[in-house]
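Below you'll find the structure, written out as structure tokens, and then a few comments.
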Amino acid sequence: MNKYNCIIIEDEPLALERTKGFVEKIPFLKLCAVFDNALDGLAYLKSNVVDILFLDINMDELSGIELLQSSKIDSQVIITTAYQEYALKGYELNVTDYLLKPFTFDRFLTAVNKVHEIIRKTTPDITKDFIFIKTENRLEKVNLSDIIYIEGMSDYRRIHTRFNKIMTLQNFGELEQLIPSSIVCRVHKSYMVAIDKIESIERSRIKITDKLIPISDTYKEHFFKLIK
């Protein structure tokens, strides 16, 4: 079973440690980061793929509810709170589950299994060797073996293939869900590269065709694990 990337946004230290301990007990969860405020958590969500977000409600500056109302969150959201009265609002915002503190490990596991079932049903078949990309008013078929690298350009992503360049409004998070990282891997907030097209790597830069692409610290560990 693949591991699901998850983060915790929780400003109560004891509740944070409890949730963190529960996550670490489940083999198919990978805890990528923890935050004690919603603003830092939101910044992380905007530049990283997160499968599951464990989100507290009552926090200073920006509450969990305000975060969900103000931003498009692609992750499955499990709310953790001591306040029952937010349950209805949480479900109106399409959260996956609502855990009322202090919740047990069994209840936590039920919520995680619900997420697992949703992701299993919606994850694309990674055995496919092509994807369809939204470009202008059509869907264009792209063979994964033809992709060289993908470049972020303001609101657009430019997909460089062996034969052409394709512009799309699909964001990096969506592309990472479509393409297995073993084939095309995120290496920077503005770049994904095809592993088999890499010519050389030197000083945290990838040479691919005539392009030098930086490897940022955020993605460095995952990238080097893939190519070993």
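Using only side-chain charges placed at the Cβ, +1 for Lys and Arg and -1 for Asp and Glu, the dipole size of the chain relative to its Cα centre rounds to 1040 debye. For the chain, DSSP calls about 60 percent of its internal beta bridges antiparallel.
Using the alpha-carbon centroid of each, what span in Å lies between region 1-58 and region 185-215? Result: 29 Å between the Cα centres. In a DSSP loop and with at most 14 other Cβ atoms within 10 Å, the chymotrypsin sites (Phe, Trp or Tyr not before Pro) in region 136-228 are PHE163. Mind checking region 24-124 for trypsin sites (Lys or Arg not before Pro) that DSSP puts in a loop (not H, G, I, E or B) and that have at most 10 other Cβ atoms within 10 Å? Passing sites in region 24-124 are LYS72.
For the residues ILE26, ILE147, ILE65, a GNM of the chain with alpha-carbon springs under 10 Å puts the largest fluctuation on ILE26. Putting +1 on Lys and Arg Cβ atoms and -1 on Asp and Glu Cβ atoms, find which of LEU68, LEU100, VAL115 reaches farthest to the positive end of the dipole of region 4-122. Result: VAL115, furthest along the dipole toward the positive end. For region 29-110, GluC sites (Glu not before Pro) meeting the loop criterion (DSSP other than H, G, I, E, B) and having at most 13 other Cβ atoms within 10 Å: GLU61.
A dipole drawn for the chain from +1 and -1 charges on Cβ atoms has a positive end, and of ILE26, VAL184, ILE57 the residue lying farthest that way is VAL184.
Only helices enter this figure: runs of n ≥ 4 DSSP H residues, each worth -39500 (n - 2.57), summed and divided by the residues of the chain, yield -9500 deg cm²/dmol at 222 nm to the nearest 500.
Read the figures in this text as sums done on the coordinates, not as results from a lab. These figures come from a predicted structure and were not determined experimentally. As a convention, Cβ positions derive from the backbone with ideal geometry for all residues, glycine included, and neighbour counts pool all protein chains shown.
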